[in-house]
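Notes for the one structure printed next.
Laboratory data are not the source of any read-out in this text; all were calculated from the coordinates shown. What you are looking at is a predicted structure, and each value in this text was computed from that prediction instead of being measured. Cβ atoms come from the backbone with ideal geometry, glycine included; neighbour counts cover every protein chain shown.
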Amino acid sequence: MELRRSHWRTSRAELWVLWDVSGSMREHEGRFFALAAALESVSRRARVFAFSTRVDEITSEVRRYGYRKAAAVVGARLEQVDGGTRIGRSLEQFLARYGGQLRAERSLVILSDGWDLGEGELMGPALRRLRARVGRLVWVTPYTRRPGFEPRVGALEEALGYLDRLMGPEDFESRMPLRPFPI
């Protein structure tokens, strides 16, 4: 007896989101929280992480509460995280904690302006390791639509060689409605 599939089963890509919550991203936090929450809602296997000088998983807060309460809970929790960004160190920490769980079916979306306070030498190796472990690596920066934008800040310029796509939040807004972040 030979069993054949009449159709291939499609599966959704798994999304993991790394959201930069540093001081330089403060003015964009509402829009980026809305984007992180919308991306999390696409799949029950999605995970959301916040980073600045360390990495914290916030999936349970985003998932457990309704949008408004999740925004308030995450906002209160992230008040303690504010400060300069250590993107390279945060990516290394993310890989140390969660790298073994990364798979080719997963897409990693980094939400960041790319401003980094140092340790640029960590960026290349961390991004190379991430690129080898995930199916797609996407960077979303708030500045892509600004006139004259060029990805010249250190971390973002370093990342270009490893990315599948460089996007702005506007690229998602036509596909999914983003609710405002209550402040």
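What the table shows:
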{"item": "Amide H partners (placed H, <5 Å) of Leu111, local residues excluded", "result": "Leu18, Trp19, Asp20, Val140"}
{"item": "Phi-based couplings in Hz for region 98-111 (Karplus 6.51, -1.76, 1.60; Gly and Pro marked x)", "result": "10, x, x, 9, 6, 9, 5, 6, 9, 10, 9, 10, 9, 9"}
{"item": "Karplus-derived HN-Hα couplings along region 122-131 (A = 6.51, B = -1.76, C = 1.60, θ = phi - 60°), whole Hz, x at Gly and Pro", "result": "7, 4, x, x, 5, 5, 4, 5, 4, 4"}
{"item": "Ordering of 34-43, 93-102, 121-130 by burial proxy (mean other Cβ atoms within 10 Å per residue, highest first)", "result": "34-43, 121-130, 93-102"}
{"item": "Net charge over other residues, Cβ less than 10 angstrom from the Cβ of Glu158 (K, R count +1; D, E count -1)", "result": "-3"}
{"item": "Estimated vicinal HN-Hα couplings, Hz - region 134-139 in sequence order (Karplus 6.51, -1.76, 1.60; Gly, Pro = x)", "result": "10, x, 9, 10, 10, 10"}
